[in-house]
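A quick write-up on the structure given underneath.
The values are calculated or read from the model by the stated rules, or taken from the named source; none is laboratory data. This is a predicted model, so every value here is computed, not measured. Positions of Cβ are generated from backbone atoms using ideal geometry, with glycine treated the same way; all protein chains shown enter the neighbour counts.
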Ligand SMILES: Nc1ncnc2c1ncn2[C@@H]1O[C@H](COP(=O)(O)OP(=O)(O)OP(=O)(O)O)[C@@H](O)[C@H]1O
Ligand SMILES: [Mg+2]
């Protein structure tokens with residue numbers, strides 16, 4: 001409803017992790033490069049952790065987009081960690097296009113092994129991607145480790161990407177999973193955006209939504225500072241705040257979002273009470289403004 005008012009073609013702060021809205025911040029780019037390199041170079045296990053709402057699922061979708069043009073890559077994408085080991089295997093096989101119904105666990109493993117060996121012999125890459133991996137039980141993580149044993153003398157047949165919230169790091173530190181931990185070839189963390197990246201993020205999302213020279217007018221720098229203060233650089237919170245602040249501005253028929261509109265949204269969403277977890281960096285609005293961003 002506010003799109004026409006702000007001359008936008010689409011909602012700039014939609015919460016769907018849509019690769020078309022990807023803003024390649026330094027950190028996001030680094031993590032995406034690590035994922036791509038890990039899979040392409042057959043590194044085996046790659047683990048990415050990040051706080052809630054920092055963009056992990058979006059990065060996975062960007063990775064899958066990169067794979068789309070490559071005929072030599074097949075992937076299974078699991079986003080529900082609350083499965084039993086057999087259900088998990090059934091899901092993975094189905095996603096690879098293999099028949100999985102009414103098969104015992106050993107039959108599933110046998111079929112998967114054959115599939116991987118055949119792809120490996122043709123020099124093809126096969127990837128298992130698990131989002132929300134912090135939900136996986138220790139037993140399932142151990143099963144996944146066993147899948148990584150499917151290898152030839154000189155190559156890993158299955159590339160495994162585990163992505164999840166910081167609890168995943170804690171799980172991987174457990175004594176029971178120390179064999180898995182030792183197998184991790186690449187491990188990286190997605191941090192929230194810093195102040196400059198937050199400003200760039202807001203501006204870019206507005207640009208992607210069709211805003212042009214009016215971007216700085218819609219979100220002036222003191223408003224961006226307020227958003228950063230409340231969201232602490234977490235993209236999902238930035239989106240929620242900006243979207244609701246835009247609605248407030250529209251309701252007041254104001255072509256610019258004022259800092260107090262952002263404060264009101266943060267209060268309504270009780271953000272200051274909840275966004276502290278793991279985001280130790282707190283920057284007051286005054287110091288942010290002094291930094292000249
Ligand atoms: N680099 C980015 N460019 C554009 N949008 C982003 C970026 N990073 C995150 N977002 C946006 O932030 C929101 C949250 O992203 P996403 O769902 O990927 O987070 P997540 O880390 O997977 O969260 P959760 O821990 O809850 O699973 C989405 O709307 C996504 O589009
Ligand atoms: Mg996610």
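Go through the residues of segment 63-74 one by one and say whether even a single one is within 16 Å of ligand 2 (Cβ to nearest atom), part of a helix (DSSP H, G or I) and touching a strand residue (DSSP E or B) at 6+ places or on another chain (Cβ under 8 Å). Yes, segment 63-74 contains a residue that is within 16 Å of ligand 2 (Cβ to nearest atom), part of a helix (DSSP H, G or I) and touching a strand residue (DSSP E or B) at 6+ places or on another chain (Cβ under 8 Å). The number of residues in segment 118-134 being assigned to a helix (DSSP H, G or I) and surrounded by 14 or more Cβ atoms within 10 Å (Cβ to Cβ) comes to 4.
Given the condition buried (at least 19 other Cβ atoms within 10 Å of the Cβ) and within 16 Å of ligand 2 (Cβ to nearest atom), answer yes or no: does some residue in segment 2-15 qualify? Checked segment 2-15: no residue is buried (at least 19 other Cβ atoms within 10 Å of the Cβ) and within 16 Å of ligand 2 (Cβ to nearest atom). Inside segment 16-27, can you point out the residues that are surrounded by 14 or more Cβ atoms within 10 Å (Cβ to Cβ) and at pLDDT 95 or above? Once the filter is applied, which keeps residues that are surrounded by 14 or more Cβ atoms within 10 Å (Cβ to Cβ) and at pLDDT 95 or above, segment 16-27 yields 17, 19, 21, 22, 23. Inside segment 28-57, residues that are touching a residue at least 24 places away in the same chain (Cβ under 8 Å), surrounded by fewer than 21 Cβ atoms within 10 Å (Cβ to Cβ), part of a helix (DSSP H, G or I) and within 14 Å of ligand 1 (Cβ to nearest atom) make up a count of 2. Being at pLDDT 90 or above, assigned to a loop (DSSP other than H, G, I, E, B) and within 27 Å of the chain's Cα centre (by Cα) is a description that does not apply to residue 266.
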